[in-house]
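S.K.: If you scroll down you'll find the structure; I have some questions about it.
A short reminder: the numbers here are calculations on the coordinates, not readings from a lab. Note that the coordinates shown come from a computational prediction; the quantities given were computed from them, not determined experimentally. Because the Cβ atoms are built from the backbone with ideal geometry, glycine has one as well, and the counts that use them run over all protein chains shown.
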Amino acid sequence: MLSQQPRSARLGTVLAVLITAIFSIMPSAATAQEQEHGSFLGTIAKQLILDPTTYGPSLIAYDATLRDWNTSQPFFQHGFVEHNSRFTISGRPNDIPVPYAEGRRRIVADAMTNLGMSTLNNFTGRVFERMLIERYPQHRKVVRTVSWVERISFGVYMSYVLSRDHYRQAELNGARAQQLGYR
C-alpha cells in the first residue's frame, strides 16, 4: 500500500506517475515546425525512453539488491538475523528479516524510486540541453556532448553508489554459505 511505503519510495512513485502523465497528455504538434521536428516534450520523452542512462542505474541497483537478498535467504533459514534495517521486521539492524516476498516488494519499490531519480535527472538535463541549443545553435555539438557526459556520469555514479555494497555482500554471502554447507 502507498501509506506503508517509505517516503522515498512514495516520492519516486509519484515522480514516475507525474512524468508519465505529463508525457501522455502533451499535444503531439502545434505548429508546422513542431510537426517537422516533433514537440518539445514529445521529443524529450522519446529521448528518455531510448536513453539507457534513464533506466540503467535502477536495473543495476535492483539486480545488486536482489542478489544480496537471495544470497541471504539460506542464512535466515538457519536462524541468522538481517543486518540491514531496511529488511527487518522491527526496522532496526540485527533483527528478524521480513518475509521473502516483502523483501522483494521493497526492492522493487526502491528500483522505482531510483528510476524516478534517473528520469528526473535526464529530463532536466534534456530540457537544459534543448534550451542551450536553441540559444547557442553554433555550439550544438558541444552542448550535446556535455549533456551526454553528464547523463553518463550521473548514471555511473548512481549505479555504483546504489549497488556496490549489495554486490560485495552477495559475493560474501555466497562464499560463506558454501563454507557452511548451506548450498
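S.K.: Once the mean 1/r over all distinct Cα pairs of segment 84-176 is inverted, what Kirkwood radius in angstroms do you read off?
M.R.: Computed over Cα pairs of segment 84-176, the Kirkwood hydrodynamic radius comes out at 16.2 Å.
S.K.: Moving on to the next point. So what J values fall out for segment 76-88 if you push phi through Karplus, 6.51 cos²θ - 1.76 cosθ + 1.60 with θ = phi - 60°, rounded to Hz, Gly and Pro as x?
M.R.: 5, 5, 9, x, 6, 9, 8, 8, 7, 4, 5, 10, 10
S.K.: Return the FRET efficiency for the residue pair Arg168, Arg140: r is the Cβ-Cβ distance, R0 is 41 Å, and the value is rounded to the nearest 0.05.
M.R.: Computed FRET efficiency for Arg168 and Arg140: 0.45.
S.K.: Sticking with this one: Using the count of nearby Cβ atoms within 10 Å as a rough guide to exposure, how do Leu180, Leu120 rank from fewest to most?
M.R.: Lowest count first: Leu180, Leu120.
S.K.: Give me the one-decimal nm value for the distance between modelled label points at Tyr160 and Ser90, 7 Å along each residue's Cα-to-Cβ direction.
M.R.: The two pseudo-label positions are separated by 3.6 nm.
S.K.: Also, I was wondering about something else. Before anything else, pin down the relative contact order of segment 40-183: Cα pairs under 8 Å, at least 6 apart, normalised by residue count, whole percent.
M.R.: Once normalised by length, the contact order is 37 percent.
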